[in-house]
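To start, the structure under review is shown below, and the notes come after it.
The values are calculated or read from the model by the stated rules, or taken from the named source; none is laboratory data. Every value quoted in this text rests on a predicted model; they were computed, and no experiment measured them. Don't worry about glycine lacking a Cβ; one is built from the backbone with ideal geometry, like all the others, and counts go over all protein chains shown. The accessibility values were calculated without ligands, DNA or RNA, using every heavy atom of the protein model including side chains. Shrake-Rupley method; radii C 1.70, N 1.55, O 1.52, S 1.80 Å.
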Amino acid sequence: VSEHLGIAPDPRPFRPHVTVARLGRSGRPRRGPALAPPDLPAFRAPAVSLFESHLEPGGARYGLLARRALDGA
């Protein structure tokens, strides 16, 4: 799809993720409109990781805060 728009595809592997909150300069989460949960197919994940991002002039820097294995994955 991106090639048809004149945008080069990102060469990095896709890493599915969920953004839980975005904090503005005030340190408070921004609230957007409530959304219905997406209709997604079932999937298995061996673990869940929590990252914190810091926006910098050269791009975002990510730090791992916690990682937990999921039982039965």
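For the chain, chymotrypsin sites (Phe, Trp or Tyr not before Pro) are listed when DSSP marks them as loop and at most 11 other Cβ atoms sit within 10 Å of their Cβ; the list is Phe14, Phe43.
Under 8 Å for C-alpha pairs, at least 6 residues apart: give me the relative contact order for the chain, rounded to a whole percent. Provide the component values of the computation, followed by the final result.
Values: 52 pairs, mean separation 14.7, N = 73.
Contact order relative to length: 20 percent.
Is segment 4-45 rounded, prolate or oblate when judged by the Cα gyration tensor, a ≥ b ≥ c being the square roots of its eigenvalues, rounded requiring a/c under 1.5 and prolate requiring a/b larger than b/c? Intermediate results must be reported in sequence, preceding the final value.
Numbers: a/c = 1.93, a/b = 1.30, b/c = 1.49.
Oblate shape, in that a/c is at least 1.5 and b/c is the bigger or equal ratio.
In the set [x] 0.95; [y] 1.08; [z] 1.01, which value of Rg/Rh (Cα atoms, Kirkwood Rh) was calculated from the structure you see? After the calculation, the listed value that fits is [z].
Scalar couplings 3J(HN,Hα) for segment 45-56, obtained by applying the Karplus form with A = 6.51, B = -1.76, C = 1.60 to θ = phi - 60°, are 10, x, 7, 10, 10, 10, 10, 10, 10, 10, 7, 10 Hz; x denotes Gly and Pro.
Shown in residue order for segment 5-19 are the 3J(HN,Hα) couplings computed by the Karplus curve 6.51 cos²θ - 1.76 cosθ + 1.60 at θ = phi - 60°: 9, x, 10, 5, x, 6, x, 6, x, 5, 10, x, 7, 10, 7 Hz (x for Gly and Pro). Close amide H pairs (under 5 Å, H built 1.01 Å from N) link Phe51 with Leu65, residues at least 5 positions away or on another chain. Ligands, DNA and RNA left out, the 1.4 Å accessible surface of the chain is 58% carbon and sulfur atoms. Accessible area per residue for the chain, computed on protein heavy atoms with a 1.4 Å probe, is 106 Å².
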